[in-house]
């Protein structure tokens with residue numbers, strides 16, 4: 001039986017992820033997976049013919065714990081006499097400035113650090129994504145309605161020109177890495193935020209996957225990993241096919257009087273719907289998504305279906321121009337000979353907002369002309385049935401803050417007395433909002449989970465003390 005380093009070496013050779021002479025920085029957070037990756041590559045560096053270094057990024061989020069992580073990684077670099085590259089960012093300030101979530105801000109800052117290293121210092125960065133990470137990612141994509149692209153999960157390599165990010169541990173379980181480190185007597189750091197069940201991935205890891213292992217398949221992680229491999233091959237095949245077919249059905253720019261097309265618009269594309277309809281349904285869907293992506297518009301299954309329905313009804317409606325809203329600020333418009341996907345004139349791409357909402361406390365939202373408050377209920381939720389609480393209540397960890405932002409495409413929310421999540425855009429339909437009202441409509445999130453939507457009855461949110469949190473709004 002091959003050892004863990006031998007299995008990783010075989011995978012690296014088969015996937016051709018690393019080549020002799022590569023200057024490879026291992027992204028080390030201090031956690032078990034990244035420390036394990038470092039120790040494995042230290043064993044393999046002579047065999048692989050690579051120059052190793054360490055990259056660590058401090059997000060400016062977790063205070064003393066993050067400082068201790070950075071010190072631990074620096075000590076690892078000294079112990080193994082490796083060059084180390086330590087980056088630092090202020091994710092909370094960046095999130096407020098860019099009006100994005102804290103998770104998004106941290107990811108963007110870290111990616112910027114990696115890109116800088118790849119441009120100036122190394123030609124490969126290795127990250128420690130495991131089979132468990134792959135299974136979690138694929139499962140989250142599946143339940144959110146992703147196609148084969150989403151089910152492909154985490155790719156073994158992300159190419160950036162001649163450089164790239166590689167993931168050597170995608171076929172390795174977390175438990176194996178920890179066992180390997182224990183055999184070496186190698187310590188690692190534990191990130192306490194991994195226990196925060198307000199974060200979707202943590203709930204999947206701690207609750208959903210264990211339930212699936214017990215109820216359906218003890219090897220569900222491996223099965224989801226296989227699904228990712230199959231989907232990735234399918235996606236690679238279809239990407240080439242769509243690249244060949246797309247120019248045959250799509251036309252950039254706008255129609256010009258007297259024939260031809262204006263090539264002045266980067267935010268619109270036309271599709272010959274008669275040529276589109278000659279293709280199988282699976283190809284039609286992929287062509288629509290690919291055409292929209294060329295102009296920066298992302299289409300999910302429901303939006304693609306809305307466009308196909310618009311085309312199918314054209315005979316009944318006649319040759320007049322008809323349209324359907326397909327995303328925030330985007331629409332599909334049916335003309336006499338073509339279908340156009342274009343940005344609506346009223347779209348304000350700078351309208352997103354996001355603010356911290358302390359518990360207890362309040363946050364003024366200038367975009368709404370209102371203040372959102374979070375308080376601890378004095379009656380502690382006694383008006384809500386105990387059975388309902390057991391089914392739907394979830395806790396906000398002590399010291400955590402909520403965030404209030406405008407809803408965005410793809411957001412989902414589980415209203416009170418419902419057994420499953422619904423798309424927020426569907427929940428807003430009965431409210432008959434104007435376009436401007438809809439654009440800035442507020443939601444409150446805990447981690448990645450939406451816990452409150454204005455005008456929609458919400459399930460119970462509790463503090464770690466068990467006290468019920470009430471979210472209120474007052475107009476200024």
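Only the coordinates and a few stated rules stand behind these numbers; no lab work does. In this text, all values refer to a predicted model and were calculated from it rather than measured experimentally. Counting neighbours? That spans all protein chains shown, and the Cβs are built from the backbone with ideal geometry, glycine included.
Based on C-alpha pairs under 8 angstrom that are at least 6 apart in sequence, the chain has a relative contact order of 11 percent. Could you tell me which of rounded, prolate or oblate describes segment 82-160, using a ≥ b ≥ c as the square roots of the eigenvalues of the alpha-carbon gyration tensor, with rounded for a/c under 1.5 and, failing that, prolate when a/b is larger than b/c and oblate otherwise? Verdict is oblate for segment 82-160. Rg over Rh for segment 153-225 works out to 1.03, both radii taken from alpha-carbon positions and Rh defined as the Kirkwood radius. For residue 13 and residue 229, a Förster radius of 25 Å and the Cβ-Cβ distance give a FRET efficiency of 0.90, rounded to the nearest 0.05. Only helices enter the 222 nm calculation for the chain: every DSSP H run of n ≥ 4 contributes -39,500 (n - 2.57), and dividing by all residues gives -12000 deg cm²/dmol, rounded to 500. FRET efficiency for the pair residue 68 and residue 336, taken as 1/(1 + (r/R0)^6) with r the Cβ-Cβ distance and R0 = 60 Å, rounds to 0.35. Annotation for segment 402-469 versus segment 58-104: alpha-carbon center distance of 31 Å. Summarising the label geometry, the points placed 7 Å from Cα in the beta-carbon direction at residue 421 and residue 178 lie 2.6 nm from one another. Reported to the nearest whole Å, the Cα centre-to-centre distance from segment 160-236 to segment 1-40 is 15. Spin-label model, residue 115 to residue 281: label points 7 Å out along the Cα-to-beta-carbon direction sit 3.9 nm apart. Inter-label distance, residue 186 to residue 144: 3.1 nm, where each label sits 7 Å from its Cα along the C-beta direction.
On full extension, the segment bounded by residue 448 and residue 46 gains 140.5 nm, given 0.36 nm per residue less the C-alpha separation. Is segment 4-235 best put as rounded, prolate or oblate by its Cα gyration tensor, with a ≥ b ≥ c the root eigenvalues, rounded for a/c under 1.5, and otherwise prolate when a/b is larger than b/c, oblate when not? In terms of gyration-tensor shape, rounded.
Rounded to whole Å, the principal axis extents of the Cα atoms in segment 49-121 read 43, 30, 13, largest first.
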